[in-house]
Amino acid sequence: MATLVALAAVFVPGGDAFGYRFYWRTVDDSPLPVAADAARWDPAVWGPGRTLQFVVADSPGWTEPWEDARGEEQEPPFASPAGVIPFARKALAYWSAPASTDIHWAVTGVGGELHAERDHVNAIRMHPFGHGASYAHIWDRNGVIVECDVSLNPRHTQDLEGRALEVLIHEFGHCLGLAHSAMFPTWDTWGWRHAFRPALWDADPVMSYGYLPEPALTPDDRIGASLLRPAPGWLDRVGSIAGQVTVDGRPARYVPVFATLISGEEVVASANTFTNGEGFFAIEGLSPGGYLLAAGAMGDISGNSSLVDRGATLGSTDQYLLEPVRVAAGQVTRVPPISLRAGREASPFRRE
Ligand SMILES: [Zn+2]
């Protein structure tokens, strides 16, 4: 049985892609990974309150048979390119629904046969290889996003009524400017993650390579999107937690930090971010309340192997701070250093 996963790549030509929740212009110069440094849409192209338009490219793949990973021919994805429109609209609506976001975008119909080059048309395309990824291609001009094209793999069209919609939601999340989130720190193999949903975490973010029981945005996804395109007034109603993570006294590089909002005995929301190269982190966009913090090396590096290439700290212990950290609107709550220890015997896991 094929498992549909939000396997996807993103290309930022000429840009400085960085696997944080956002894309960056000057990642190595950024003293603290905050939303203010994230690459955003050119306001002249997609300004506040305005609607970004996509068209479906009239590329042949929509209506042609395709070859899956086993070399077997599969039925054409759709009878016509317009067949994808309801699914694309549904996927876009996940991002525009939260009241905390200023995200208005639409699919206007089927356009011409568009190509990969920057052409100032945001396109949804089909590419005919059944064994590759779906991906978003973000075009930037001096670090400012001016266009996004989504290329869908035909194997991700087979269950768009169900789980495969996650792929479209995920790719449109890249178009917003979101990079890959971490999965929550469940140190099981892929199959076991399905079986044991831990009580402490939400489902994995749609912007991670993790597991969602159904297509949805998690609080982590909503917060990331809202920080990039906030609804008027929202930023005034949220706060941040900032600090540093160390491992044996040295900065813990690119390790995920998780903030979980607790109300009574209920887990209300979880969000995560990565430390930067100096171990600093800031989790922004948090509703006021008491948060449990946790940090530790990635257990599953799928979707974030670029951070490993940059020297991410691996194989450390986890640290859970069980004294809630108070977050207040409009404020940054600074926490003492979170100390990890090296030497955990675990191999980072990566799904191909
Ligand atoms: Zn992706």
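Worth a mention:
- Verdict on Ala93 being hydrophobic (A, V, I, L, M, F, W, C) and free of Cβ contacts under 8 Å to residues at least 60 places away in the same chain: yes
- Segment 227-254, subset part of a helix (DSSP H, G or I) and touching a Phe, Trp or Tyr at 6+ places or on another chain (Cβ under 8 Å), residue nearest to Ala282 (Cα to Cα): Leu227
- Spans of strands (runs of 3 or more DSSP E) in segment 289-346 with at least 1 residues under 22 Å from the mean Cα position of the chain (by Cα): 289-296
- One residue stands out in segment 137-150 among those that are buried (at least 24 other Cβ atoms within 10 Å of the Cβ) and at pLDDT 90 or above: the one that is farthest from the ligand (Cβ to nearest atom), namely Asp149.
- Hits in segment 106-136 - residues which are within 19 Å of Arg40 (Cβ to Cβ) and crowded, with 21+ Cβ neighbours inside 10 Å: Asn122, Ala136
- Count - residues of segment 309-334 that are surrounded by 17 or more Cβ atoms within 10 Å (Cβ to Cβ) and either among the hydrophobic types (A, V, I, L, M, F, W, C) or touching a helix residue (DSSP H, G or I) at 6+ places or on another chain (Cβ under 6 Å) (or both): 4
- Matching option when the condition is aliphatic (A, V, I, L, M), modelled with pLDDT of 85 or more and loosely packed, with under 14 Cβ neighbours inside 10 Å, among Ala88, Ala36, Ala79: Ala79
- Against the numbered list (1) on the phi > 0 side of the Ramachandran plot; (2) crowded, with 16+ Cβ neighbours inside 10 Å, Pro251 comes up short only at (1).
The values are calculated or read from the model by the stated rules, or taken from the named source; none is laboratory data. None of the values given here were measured: they were computed from a predicted structure. Here Cβ is always computed from backbone atoms with ideal geometry, including for glycine, and neighbour counts include all displayed protein chains.
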